[in-house]
Amino acid sequence: MYIFGYGSLINSASRQLTGQTGEAIPVIAHGLVRYWGKVDESYVLSPLVVNRGDSQVNGVLLEINELALAEFDRRERGYHRIAISAEQIETEHTFHRDYPIWVYVKEQPEPPCTLSPIMQTYVDTVLAGCLEISADFARHFIDYTVGWHFPKENDRHAPKYGNLAGVEEHHYPLIDALITQKGA
């Protein structure tokens with residue numbers, strides 16, 4: 001089976017904090033919309049959420065087993081897991097089209113606010129993961145994510161994101177340039 005990772009799970013170092021996966025297959029999933037939004041009141045930041053919708057979301061397919069699924073279910077608390085079809089997946093890579101594909105969604109997320117903003121270290125983690133694939137993959141992520149206008153907090157000096165990983169000093173100017181180009 002697969003899970004479709006569309007946020008911090010794109011980053012190989014971040015996802016390894018939770019469980020083992022097979023290779024990360026870069027894909028675009030159609031029929032989903034990615035937002036910045038609050039998951040629940042226990043979060044100090046507003047992570048990424050997806051819902052079904054008329055758009056596309058890039059991310060990675062991660063082959064997992066039942067044990068890893070349970071570990072990722074714990075990591076993704078506050079979300080619920082739904083199935084998407086192989087027909088929604090666009091990729092140049094091969095994958096097992098008959099395997100179930102799970103994605104974590106949050107219906108009706110609250111928008112980020114000053115008490116639960118978009119944290120820079122979360123953005124850094126996701127975009128460093130996108131840059132593992134390519135700069136175009138990172139630009140697609142930015143272009144197809146809704147809500148960049150919500151409150152942000154630069155916590156690079158004192159990280160608040162618990163799964164921060166795989167971000168190095170050389171990533172910062174690249175990430176900052178990509179966000180500036182978007183006007184995010």
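The values are calculated or read from the model by the stated rules, or taken from the named source; none is laboratory data. Model, not experiment: these values are computed from the prediction. Heads up, the Cβs are rebuilt from the backbone with ideal geometry, glycines too, and the neighbour counts pull from every protein chain shown. Each accessible area value is taken on the protein alone, full model and side chains, heavy atoms only, with ligands, DNA and RNA left out. Shrake-Rupley method; radii C 1.70, N 1.55, O 1.52, S 1.80 Å.
Derived scalar couplings between HN and Hα for segment 135-152 equal 5, 5, 5, 5, 5, 4, 4, 5, 5, 10, 10, 8, x, 5, 7, 6, x, 10 Hz in order, rounded to whole Hz, by the Karplus curve 6.51 cos²θ - 1.76 cosθ + 1.60 (θ = phi - 60°), x for Gly and Pro. Each peptide in 45-58, 102-115, 23-36 gets a packing score, the mean of other Cβ atoms within 10 Å over its residues, and the list from highest to lowest is 45-58, 23-36, 102-115. Per atom type, the chain shows carbon and sulfur on 50% of its accessible surface, probed at 1.4 Å. Note that segment 82-90 has calculated 3J(HN,Hα) couplings of 10, 8, 10, 9, 4, 5, 7, 9, 10 Hz, one per residue in order, obtained from phi through the Karplus relation 6.51 cos²θ - 1.76 cosθ + 1.60 (θ = phi - 60°); glycine and proline are x. Ligands, DNA and RNA aside, residue 93 has an accessible area near 100 Å² when probed at 1.4 Å. Between the residues 125, 78, 181, the greatest Cα displacement towards the positive end of the dipole of the chain, with unit charges on the Cβ of Lys, Arg, Asp and Glu, is found for 78. Set the Cα radius of gyration of segment 2-182 against 2.2 N^0.38 Å, with N its number of residues, and you get 0.95.
Looking at the square roots a ≥ b ≥ c of the eigenvalues of the Cα gyration tensor of segment 1-87, which shape do they give, rounded for a/c under 1.5, prolate if a/b is larger than b/c, or oblate? Oblate, because a/c is 1.5 or more while a/b does not exceed b/c.
A simple packing score, the average count of other Cβ atoms within 10 Å per residue, orders the peptides 149-160, 60-71, 125-136 as 125-136, 60-71, 149-160, with the highest score first. For the chain, the solvent-accessible area of protein heavy atoms averages 47 Å² per residue (probe radius 1.4 Å; ligands and nucleic acids excluded). State the Cα centre-to-centre distance between segment 1-68 and segment 136-184 in whole Å. Centre-to-centre (Cα) distance: 16 Å. With N as its number of residues, segment 80-136 has a Cα radius of gyration that, divided by 2.2 N^0.38 Å, comes to 1.52.
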